[in-house]
Amino acid sequence: MQTSVTVPSSAQFVDSPAVEPSPDSMSVAGPDGNLIRLPAYSKNVQPITLVKEAPFEIKAQTLFTNLDHQSGADQTRPRFSIRIVQSGQTVFHRRYLAHQTSLTQALGTALRWTSARRRQIRWEYLCSWPLLSLWAFSFAVGWLFEPIVGWLSFLPLFAGLPFSFYLAPKTSRSRQTTASPAWYSRRARMSR
């Protein structure tokens, strides 16, 4: 049995003031007010999709319980894990003890990680060599023609900077091999 609740946007979790603490640490309030609870651990339990947003998908899954020997009485401590999947690959994975961290707190950590990753991808694009060289070329052309045309010679640079910020990708593109040297591909076939 697979239970899956998909949320179209993380903003519904972050921006909504109605996120109340859940009655237990293995559940989280959904965007429509419903309570999403992780099922008890079993070998066949499937991960629950909590948030699905552009390239990222945040999934939660219960794990085998820990046995706490320090408390005198052997108590079992439930655990769960949060995974962030991008294009079918896990890019972030963290395990939690339910008595230390609630599912709501873990989901908040995952949402902060995805927003930080988006900012990182955007800045990697803005600081890439092709874009920096284009800006440097625009500045050099503006500096060269400034005595003749005036400040209008810097117009490509002034227009290019805002467009670069606006057109920066929000997600990274998966790298695919488009070509490889013939000697390398022959060697790879021979080693199989």
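The values are calculated or read from the model by the stated rules, or taken from the named source; none is laboratory data. Since we're looking at a predicted model, the values are computed, not measured. Cβ placement follows ideal geometry from the backbone for every residue including glycine, while neighbour counts extend to all protein chains displayed.
If you go through segment 91-131, how many residues are farther than 18 Å from THR49 by Cβ and in contact with a helix residue (DSSP H, G or I) (Cβ under 8 Å, 6 or more places away or on another chain)?
3
Quick check on my filter: what residues within segment 24-63 are modelled with pLDDT of 85 or more and over 15 Å from PHE80 (Cα atoms)?
Listed by number, the residues that qualify are VAL51, LYS52, PHE56, GLU57.
I need every pair where a residue in segment 41-58 that is touching a residue at least 24 places away in the same chain (Cβ under 8 Å) and within 20 Å of SER27 (Cβ to Cβ) has its Cβ under 6 Å from the Cβ of a residue that is surrounded by 16 or more Cβ atoms within 10 Å (Cβ to Cβ) and of a type in the set (Lys, Arg), sequence separation at least 6 or different chains.
Within 6 Å, the pairs are PRO47/LYS59; THR49/LYS59.
Please list, ordered by residue number, the strands (runs of 3 or more DSSP E) wholly in segment 34-79 having 3 or more residues that are of a type outside the set (Lys, Arg), in contact with a strand residue (DSSP E or B) (Cβ under 9 Å, 6 or more places away or on another chain) and within 25 Å of SER115 (Cβ to Cβ).
Because the criterion is at least 3 residues that are of a type outside the set (Lys, Arg), in contact with a strand residue (DSSP E or B) (Cβ under 9 Å, 6 or more places away or on another chain) and within 25 Å of SER115 (Cβ to Cβ), the strands (runs of 3 or more DSSP E) in segment 34-79 that meet it are 48-53, 56-68.
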